[in-house]
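**Student:** Take a look at the following structure, please.
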Amino acid sequence: MAVDRGFTGPLAGIAILGAGAALVYGAQMALSPYLVTLLAIMLINVALAVSLNIGNGLAGLFSLGHPAFMTIGAYASAILTFPPGRKDFMLPDLPSFLMTTQLPLLPALAVAGMIGAVVAFLVGLPVLRLKGHYLAVATLGLIVIVQGLATNWTGLTRGGSGLNGIPRLTGIWWCFGFAVLVVYTALRLKFSSLGRAMMATRENALAAESAGVSTYRIRMLAFVLGAFFAAVAGGLMVHLITVVTPRSYSVVLAFNLVAMVVIGGTGSITGSIVAAVALTGLSEAVRPLEERLGLYGLSQVIVALGLLLVLFFRPNGLLGSGEPRFVRRIFGGSLA
Amino acid sequence: MSQYVFQQIINGLALGSLYALVAIGFSMIYGIVRLINFAHGDLVMIGAFTTLALVGYGVPWPLILMFVLLVGALAGMTIEATVFRPMRGAQQVTGFIATLAVSIVIQNTGLMILSGQPRNFLFPAFMRQRVQIGTVSASLTDLTIIGLTVVLIALLLVIVYRTRLGTAMRATADNLAAARLMGIAVNRTILTAFAIGSALAAAAGLLWGGKFGQIDPLLGFAPGLKAFIACVIGGVGSIGGAMLGGYLLGLAEVLFVGLLPPQFAGYRDVFVFTLLIVILLLKPSGLFVRHVEERA
């Protein structure tokens, strides 16, 4: 077994990474810019679904707050990368230290992620004491609060009209790198003692407490980590599509991300990846139909009905909470 | 009392009436099946568009109200029988996701059929006149909303507390298994609770259109969330609590906007949801002590 795993472990991981990179390279060469952008969004969705699965799946805290953190990350990173000349024009009321700074993408994303994480920590302090669907609705409220702030805090956000003309600094490679980072983190986490503590918290908080797990801290960690990734994803997204408004990331997105997690299997990282790719592809495939028939909303109905079917007939999702064998072999170590 | 303050209170009561109508059904459904029904708000939208269609056909208003109640009840029963009943006994969060999915289906089907363009929605001209009460005046629309809500709530309370059906509903809410053992047709009782709650939400939709003058397929989102908040204020699962919570929330919202300087008006929803989180933390079972016999 040990020899076997030694061979398929890290090497297989590097092989998969290489294959992914080759696919991205091939896509970039062969496909139209539109499709490449679509692929980049697909990769961001993979990262979003997987990062949501850390909290919702591994730690069992049902949050709908991802769009709120994406909005925060999107605005924060956009303001940081804007050339000062354009800021004078677009955001004349910005505090002076923000007016003169212009960061490259990577530090801007890092700062955006940190801001998202800090907000998640502050919000989590009270909110994570809530359980089940109370937590869900409170985080839904968080989306509304952030949207309200983004709409009304005009000095920082330009209000309802949002920011446009954001420099297009992201490409498919950024998104690929980010998706790899999030997936790698989530899988390493899942097969670590920390991940076990998260899953213990999910399965039975009381038993986990008795076994010495501080469930509140575990939940907080999962929530903050998810929010960090969501904020960075928002930053990547906004530098890909160059526009953000207070309504860019709203409840429908929260629903779609939850749909990806549930359809793939709550707690299964591989499941989230597959479902994120499938659902993003599906909505895109339905779009021409929507436009031809004038039936805007059709793709959303299909996603929602698909989710209901999964809940009826396969309530644990496609992959349950497990991972396929090759993933367990690579990341599982002694837990595989 | 100055006209300004009076107007604010009437506004708050009218808005609170709408919230109360939606919140009561929400609370009944939660009380009986422990499900946060996110699709409940979309029945407000269905009620509003049903009204609009019937007005187009020139149907008289009392008939419209009857019809809207009926459509709401049927829609609620359909949702319960097709989606929620098969999922009964599933985990809390699974049920919540299902209601979210139903809401998305209703909203987007609405978008497909009706388009996202907001439609004008007007009560007849005489409803827009103002009624003089002593030194102050109020719009007839607001007074109608307040009055009709009182009538509907009174009807509901009679059903819940003075009929066999109501007793069955309260028994089922109290203990589903025991109620079944006592020979109560639990599924039918749950279906009835959905019918009544949804009918009230649809009636709120009729009034909603009259108050705000415009309707669109996504309008159910706000009342759904606000109804939840109203329930949390009053104690989820309690009819009286939902009612009071609805009125309190309506008044609080209007006073927040009316009494603070205008630049804060945009922060209305920020205020409401912060209030929600604060209440959930400090008094998670609601501001009013909940008695078991209040639930239905």
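**Student:** Among B:R170, B:R162, which is the only one that is more than 23 Å from B:E80 (Cα to Cα) and at pLDDT 90 or above?
**Tutor:** One residue alone meets the criteria, B:R162.
**Student:** It is to be established whether one or more residues within the stretch B:95-104 are within 14 Å of chain A (Cβ to nearest Cβ), over 20 Å from the mean Cα position of the chain (by Cα) and polar (S, T, N, Q).
**Tutor:** no
**Student:** Still on this structure, please answer the following. Do any helices (runs of 4 or more DSSP H) entirely within the stretch B:192-296 hold 2 or more residues that are open to solvent by 50 Å² or more (accessible area, probe 1.4 Å) and closer than 18 Å to A:L140 by Cβ, and if so, which?
**Tutor:** Working: elements: B:221-234, B:239-259, B:268-282.
Filter on the stretch B:192-296 gives B:268-282.
**Student:** Can you tell me which condition A:L282 does not meet? The list is (1) open to solvent by 40 Å² or more (accessible area, probe 1.4 Å); (2) under 30 Å from A:N164 (Cα atoms); (3) within 14 Å of another protein chain (Cβ to nearest Cβ), and all the others hold.
**Tutor:** Going through (1) open to solvent by 40 Å² or more (accessible area, probe 1.4 Å); (2) under 30 Å from A:N164 (Cα atoms); (3) within 14 Å of another protein chain (Cβ to nearest Cβ) one by one, A:L282 breaks only (3).
**Student:** Related question: Name the one entry in B:L218, B:L206 that is within 13 Å of another protein chain (Cβ to nearest Cβ) and either touching a Gly at 6+ places or on another chain (Cβ under 7 Å) or modelled with pLDDT of 85 or more (or both).
**Tutor:** Residue meeting the stated conditions: B:L218.
**Student:** Now for a separate question. With within 14 Å of another protein chain (Cβ to nearest Cβ), over 29 Å from B:L218 (Cα atoms) and either touching a residue at least 12 places away in the same chain (Cβ under 8 Å) or touching a Cys at 6+ places or on another chain (Cβ under 6 Å) (or both) as the only criterion, which of A:G267, A:G271, A:G306 stands out?
**Tutor:** Unique residue meeting the criteria: A:G267.
**Student:** Regarding A:E291, is this residue over 20 Å from B:A90 (Cα atoms) and under 22 Å from the mean Cα position of the chain (by Cα)?
**Tutor:** The answer is no for A:E291.
**Student:** I'd like to know if the stretch B:110-123 contains one or more residues that are among the charged types (D, E, K, R), farther than 24 Å from A:L257 by Cα and surrounded by fewer than 19 Cβ atoms within 10 Å (Cβ to Cβ).
**Tutor:** Yes: the stretch B:110-123 contains one or more residues that are among the charged types (D, E, K, R), farther than 24 Å from A:L257 by Cα and surrounded by fewer than 19 Cβ atoms within 10 Å (Cβ to Cβ).
**Student:** Can you find a residue that is farther than 26 Å from A:I79 by Cα and open to solvent by 10 Å² or more (accessible area, probe 1.4 Å) anywhere in the stretch A:240-250?
**Tutor:** Within the stretch A:240-250 (the criterion being farther than 26 Å from A:I79 by Cα and open to solvent by 10 Å² or more (accessible area, probe 1.4 Å)), the answer is no, since none of the residues qualifies.
**Student:** On to the next question. Tally up the residues in the stretch B:149-185 that are surrounded by 17 or more Cβ atoms within 10 Å (Cβ to Cβ) and more than 23 Å from B:L15 (Cα to Cα), please.
**Tutor:** Residues flagged as surrounded by 17 or more Cβ atoms within 10 Å (Cβ to Cβ) and more than 23 Å from B:L15 (Cα to Cα) within the stretch B:149-185 amount to 11.
**Student:** Also, I was wondering about something else. Tell me yes or no: at least one residue of the stretch A:73-82 is under 22 Å from A:M260 (Cβ atoms), away from every other protein chain (no Cβ under 14 Å) and not charged (D, E, K, R).
**Tutor:** Checking the stretch A:73-82: at least one residue is under 22 Å from A:M260 (Cβ atoms), away from every other protein chain (no Cβ under 14 Å) and not charged (D, E, K, R).
**Student:** Sort out which residues of the stretch A:309-329 are touching a residue at least 12 places away in the same chain (Cβ under 8 Å), in a helix (DSSP H, G or I) and of a type in the set (A, V, I, L, M, F, W, C), and write them in order of number.
**Tutor:** Correct list: A:V310, A:L311, A:F326, A:V327.
**Student:** Here is a list of conditions, (1) at pLDDT below 90; (2) surrounded by 16 or more Cβ atoms within 10 Å (Cβ to Cβ), and A:G320 meets all of them except one; can you say which number that is?
**Tutor:** For A:G320, the exception is condition (2).
**Student:** So, in the stretch B:221-261, exactly how many residues are within 12 Å of another protein chain (Cβ to nearest Cβ) and over 12 Å from the mean Cα position of the chain (by Cα)?
**Tutor:** Final tally of qualifying residues: 2.
**Student:** Which of the residues spanning the stretch B:58-78 are within 27 Å of B:R34 (Cβ to Cβ) and in contact with a helix residue (DSSP H, G or I) (Cβ under 6 Å, 6 or more places away or on another chain)?
**Tutor:** B:L69, B:V71, B:G72, B:A73, B:A75, B:G76, B:M77
**Student:** For the stretch B:264-287, which positions are within 18 Å of A:N152 (Cβ to Cβ) and within 7 Å of another protein chain (Cβ to nearest Cβ)?
**Tutor:** Across the stretch B:264-287, the qualifying residues are B:G266, B:Y267, B:D269, B:V270, B:F273, B:T274.
**Student:** What single numbered condition from (1) of a type outside the set (V, I, T); (2) modelled with pLDDT under 95; (3) over 28 Å from A:G306 (Cβ atoms) fails to hold for B:A39?
**Tutor:** So B:A39 meets the others, but not (3).
**Student:** Is it true that A:L289 is in a helix (DSSP H, G or I), under 16 Å from A:M42 (Cα atoms) and not small (G, A, S)?
**Tutor:** no
**Student:** Quick one: what pairs do we get from the stretch A:191-212, first residue part of a helix (DSSP H, G or I), second among the basic types (K, R), C-beta under 7 Å, 6+ apart or different chains?
**Tutor:** The qualifying pairs are A:T201/A:R219.
**Student:** Could you say whether any residue in the stretch A:253-264 is more than 11 Å from chain B (Cβ to nearest Cβ) and farther than 30 Å from A:L80 by Cβ? Write out each step before concluding.
**Tutor:** Quick first cut of the stretch A:253-264, residues more than 11 Å from chain B (Cβ to nearest Cβ) only: A:253, A:257, A:260, A:264.
Restricting the remaining residues to those that are farther than 30 Å from A:L80 by Cβ gives A:264.
Checked against the condition, which is being more than 11 Å from chain B (Cβ to nearest Cβ) and farther than 30 Å from A:L80 by Cβ, the stretch A:253-264 yields at least one hit.
**Student:** Quick check on my filter: what residues within the stretch B:7-49 are part of a helix (DSSP H, G or I) and open to solvent by 20 Å² or more (accessible area, probe 1.4 Å)?
**Tutor:** Result: B:Q7, B:Q8, B:I9, B:N11, B:L13, B:Y30, B:V33, B:I46, B:F49.
**Student:** Follow-up question, since we're still on this one. Identify the residue in the stretch A:156-171 that is open to solvent by 20 Å² or more (accessible area, probe 1.4 Å) and not in a loop (DSSP other than H, G, I, E, B) and, among all such residues, is farthest from the other protein chains (Cβ to nearest Cβ).
**Tutor:** Filtering the stretch A:156-171 for residues that are open to solvent by 20 Å² or more (accessible area, probe 1.4 Å) and not in a loop (DSSP other than H, G, I, E, B), the one farthest from the other protein chains (Cβ to nearest Cβ) comes out as A:N164.
**Student:** So, in the stretch A:120-155, of the ones that are modelled with pLDDT under 85 and farther than 21 Å from A:Y216 by Cα, which residue ends up nearest to the other protein chains (Cβ to nearest Cβ)?
**Tutor:** A:T154
**Student:** Within the stretch B:66-83, count every residue that is open to solvent by less than 30 Å² (accessible area, probe 1.4 Å) and touching a residue at least 60 places away in the same chain (Cβ under 8 Å).
**Tutor:** So the answer is 7.
**Student:** Which residues, counting only those in the stretch A:105-132, are closer than 15 Å to A:Y75 by Cα and not aliphatic (A, V, I, L, M)?
**Tutor:** Scanning the stretch A:105-132 gives A:P107, A:G113, A:G116.
**Student:** Scanning the stretch A:294-317 for residues that are open to solvent by 70 Å² or more (accessible area, probe 1.4 Å) and of a type outside the set (F, W, Y), which turns out nearest to the chain's Cα centre (by Cα)?
**Tutor:** The residue in question is A:N316.
**Student:** Next up: Output the number of the condition that B:G213 fails; it satisfies all remaining conditions of (1) among the small types (G, A, S); (2) at pLDDT below 90; (3) under 11 Å from the mean Cα position of the chain (by Cα).
**Tutor:** So the condition that B:G213 fails would be (3).
**Student:** Which one of these is small (G, A, S) and more than 15 Å from A:N53 (Cα to Cα): A:G177, A:G195?
**Tutor:** On inspection, the qualifying residue turns out to be A:G177.
The values are calculated or read from the model by the stated rules, or taken from the named source; none is laboratory data. All values reported here derive from a predicted model rather than from experimental measurement. Ideal geometry is used to build each Cβ from the backbone, glycine not excepted, and the neighbour counts take in all protein chains shown. Each accessible area value is taken on the protein alone, full model and side chains, heavy atoms only, with ligands, DNA and RNA left out. Shrake-Rupley method; radii C 1.70, N 1.55, O 1.52, S 1.80 Å.
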